[in-house]
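For reference, the structure discussed in these notes is given below.
Rule-based calculations on the coordinates, nothing more; no lab input. Not measured: the values here are computed from a predicted model. Note that we place each Cβ from the backbone using ideal geometry, even for glycine, and neighbour counts take in every protein chain shown.
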Amino acid sequence: MGASAFTQRAHDALADPNLKTAIDRTTGTAETKRAAAVGAFPEFQAARARGAAIKDHVIANLDHYLVEFERNAQAAGAHVHWARDKAEAAEIVTRICKDADAKLVTRAKSMLGEEIGLPHALDDAGIERVETDLAEHIIQLAHERPSHIIWPAMHRTREDVATLFFKDHHPPPDADDPASMVASARRILREKFMSADVGISGANFLIADTGATCTVTNEGNAELSTTPPRVHIVTAGIEKLVPSTDHAMALLRLLVRSATGGEVTQYTTFHSGPKRPGDADGPEEMHIVLVDNGRSRMVGDEFRQMLRCIRCGACMNHCVVYRQIGGHAYGGTYPGPMGAVLTPVLDGLAQSRDLPHACTMNGRCEEVCPVQIPLKTLLKAWRVRSWDSQQEVGPLRMGLGLWGFAARRPRLYHFGTRLALPVMRLFGKGGWIRRMPFAGGWTDTRDLPKPAARSFMSQHANHGNEGPK
Amino acid sequence: MSARDDILAAVQKGLTQGQGGAVQRRNPDAIRAEAAQLLANLDEIRPDLAAGDPVDAFVAKCANPALGVTLDRVANWQALPRAVIAYLDQHDLPHRLSVSGDPRLDALTGIEAHQPCAPDEAAAISVADWGVAETGSVVIHSAPDQPILNAMLPRHWLVVVEEKKILPFLDDYATYAASRPRNAVLITGSSGTTDIEGFFVRGAHGPGFVHVLLVAG
Ligand code: SF4
């Protein structure tokens, strides 16, 4: 992704009114519901601090917890695999599917699965893949990627969904009625759940002292994806560890309130090994793939705190940039503020240096982050790295160089603003500038406020003269 | 080196030589002590119960319309069949249920019971292992007489929970997770989704109706 690629995507997104409608409908509800849930939980601030401390403790002892988890998962009968990067992880999963002679695989939504390119890997291996989360089902039909980590189809209006289902579902649902669309997806996916050979899930937590993996869903698709098939595969990032089920509960309270505004999700499931002798149902094999993919490097650099992230999505719901351009414009697996920090780790800074810059630094994201990740500080750290590694494009370096030169020379600076302001005012109408040469990047999709009649500095100077001596 | 060795070595290197300075390495006992310390004073980091008594709090939580559950208080196991039939009649359902296999359900007289739960089952009944007052959740542990699909496939899921099995907080349940069943599922209300424009729609993949039968004695 070059500089122009991000700019182009953001530009296209800003020009798409349908996208803005779709994003506003869901993020607006999410913001209101989260505020209500947090308001009804007076212990929230104390719980956040504790949540951050739990995650920091895990990261500071990550090697210990990884080994403990592996030992306990194996004791429960699970096979534990380790993957250094996404290629290795996808390869392990497809190999397990092939060994199981799998024709049909159901997948319960997992962003880690997206991160390691699992949908593609399974398609390339010729294995039929069925996404069972409703939103993932929508984007599978649309041949798209998720645009949000909690609501992957956030960019789609209900009218869009009706059109997609109308083409694919027989008989088709009623247009414009979400309940009818959900019922239709339930019917279609029910057959798939029951005939799948392998079910793949992610994990919200890996419990070190029991070896269990934990998923949270509202739909119940994780349970239906992982109980009927012969094989259950879990893919999870190594930062998902927690010491015990008790620690998971403390984080769960933060995760769900921050994500959907609920207290807990409808289904919170701890998966531990395969079916026990005599059990009424469950898979015969369970595999857990522990994925590094850049995380061990973060343990040792200035992005360590990002490993606290519990993937709640609150930072993007409250981000002014995300709410304007949506998730796809970010170009990586993870969008919004957390994505702007993570994508350079996962895809390299050269590919994604625009992301840390596409931030207003208003700090809403870190105010709402349930594990107190200093997102602003981390974004600034990427800006510094980007500058130091000379990744900035010529015009920006030159522009900032000129500004720096002038800013250190107050007379020159004032001369410049005195010259510029009257020129800008010429383009203004009714307080706003709708179009101005060399400012199309701004004015194509929004207006620029017309500058005040006099600059701040000249008003300040006058004010000083009028004031008491 | 194997991927496992590489990852563990990279984590250790990050912790001991990272640019944030070396993290103090501790022995397993010290790690355990610190982990336990992080769970001190739980009342400071969890909400209060909806009522002083856990059973009342559980009932109050289930009354929250957002959960999409109904609850019926049943005096004892003998009174269960009547309560079940009342629910089925209320929803115009035949007197036919998929049962989990729990022997306490053998006495469901007047109901045609069968196993296992069919993919298009209208109604099924299970006995929960616990209830959680903090959230209004019920918990099931997979077992020979506790099929997970019995709770996931039907349109209507009836679940019996005994008052004496109501635990106050999620943390109180956590202790029981140590028994490590294949699946431990905390179920809170009916299945739902907000995936289309944030609208809440009931009955996404799991049951659209959950009916709790709270047995007193
Ligand atoms: S960075 Fe914080 S707010 Fe954003 S997804 Fe992660 S935990 Fe949630």
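Under the simplified labelling scheme, the residue B:41-residue A:350 pair shows an inter-label distance of 5.1 nm, with each label point 7 Å from Cα along Cα→Cβ.
Counting charges near residue A:366 (Lys, Arg +1; Asp, Glu -1) among other residues having Cβ under 12 Å from its Cβ returns a value of +4. Extending 7 Å from Cα along the Cβ direction at residue B:120 and again at residue B:6 yields two label points whose distance is 5.0 nm. Can you figure out the FRET efficiency of residue A:104 with residue A:177, using R₀ = 25 Å and their beta-carbon distance, to the nearest 0.05? Once the sixth-power term is evaluated, E becomes 0.25.
All alpha carbon pair distances within region A:240-300 were sorted into 5 Å bins beginning at 0; the resulting P(r) in whole percents reads 4, 13, 15, 15, 19, 20, 11, 3, 1, 0. Using R0 = 41 Å, the C-beta based FRET efficiency linking residue B:175 and residue A:191 works out to 0.55. Using a Förster radius of 56 Å, what is the FRET efficiency between residue A:361 and residue B:90 based on their Cβ-Cβ separation? Nearest 0.05, please. It comes out at approximately 0.50.
Per-residue shielding of B:129-141, expressed as the average number of other chain Cβ atoms within 10 Å of the residue Cβ, stands at 2. Couplings 3J(HN,Hα) for region A:128-141, derived from phi with the Karplus relation 6.51 cos²θ - 1.76 cosθ + 1.60 (θ = phi - 60°), are 5, 10, 10, 7, 9, 5, 4, 5, 5, 4, 4, 6, 5, 5 Hz, where x marks Gly and Pro. Which angle from 0 to 90°, rounded to the nearest 10, does the C-alpha axis of helix B:80-90 make with the longest principal axis of chain B? So the helix axis and the longest Cα principal axis differ by about 80 degrees. Of A:240, A:192, A:380, the sequence from fewest to most neighbouring Cβ atoms within 10 angstrom is A:380, A:192, A:240. Of A:244, A:225, the sequence from fewest to most neighbouring Cβ atoms within 10 angstrom is A:244, A:225.
Determine the distance separating the Cα centre of region A:115-161 from the Cα centre of region A:16-68; give it in Å without decimals. One Cα centre to the other: 23 Å.
Legend: mean number of C-beta atoms from other chains within 10 angstrom of residue C-beta atoms, peptide A:52-65, equals 5.
Residue separation of residue A:284 and residue A:74 scaled by 0.36 nm, minus their Cα-Cα distance, works out to 74.2 nm of gained length. Over region A:38-295, Cα pairs under 8 Å with separation of 6+ residues give a relative contact order of 27 percent. Taking the fewest neighbouring Cβ atoms within 10 Å as the starting point, the ordered list for A:180, A:201 is A:180, A:201.
For the peptide A:275-284, the mean number of other protein chain Cβ atoms found within 10 angstrom of a residue's Cβ is 6.
Think of chain B as having a plus end and a minus end, set by charges on the Cβ of Lys, Arg, Asp and Glu; of B:173, B:194, B:57, B:173 sits farthest toward the positive end of this dipole. In this label model, residue A:383 and residue A:405 are separated by 2.3 nm, measuring between points 7 Å along each Cα→Cβ vector.
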